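These notes are about the structure you will find just below.
What follows draws every value from the coordinates through simple rules; no lab data is involved. None of these values were measured; they are calculated from a predicted model. Every residue, glycine among them, receives a Cβ derived from its backbone with ideal geometry; neighbour counts consider all protein chains shown.
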Amino acid sequence: MTKIKVFKNLDSLKFCLNCEENVSFTIKEKTVSMVINGAEFSYPAKLPYCNECGMEIYAAVLDDENIQKANGIYHELAKGERG
């Protein structure tokens, strides 16, 4: 995994279920595999990790961005299959 810069539009703290408090976090890029309608593919997702315990945490902005990226790759693959 590669550490990347934190986006300016994200809040500086997110809730960590493991630490049970708002924590600072680092965004790392990780290759994620996914299957949509039988099409299997991988894409580079941006995931937030707690700086205190290292557990992956939830950040809606990143989740939305990852879903949009996966959807775009799926549509490119589907377009390629149609010719």
* Using mean Cβ contacts within 10 Å as the protection proxy, how do 55-64, 41-50, 70-79 order, highest first? -> 41-50, 55-64, 70-79
* **Cα coordinate range in the range 2-82, projected on the principal axes (Å, largest first)** => 48, 24, 20
* **Under-19-angstrom lysine pairs by C-alpha in the range 2-82, whenever the two are 8 or more apart or on separate chains** => 20
* Structure fact -> With the charge dipole of the range 2-82 built from beta-carbon charges (+1 for Lys and Arg, -1 for Asp and Glu) about the Cα centre, the Cα from Val61, Phe41, Ser24 projecting farthest to the positive end belongs to Phe41
* Would you mind calculating the gained length between Asp63 and Cys19 on full extension (0.36 nm times residue separation, minus the Cα-Cα distance), in nm to one decimal? => 13.8 nm
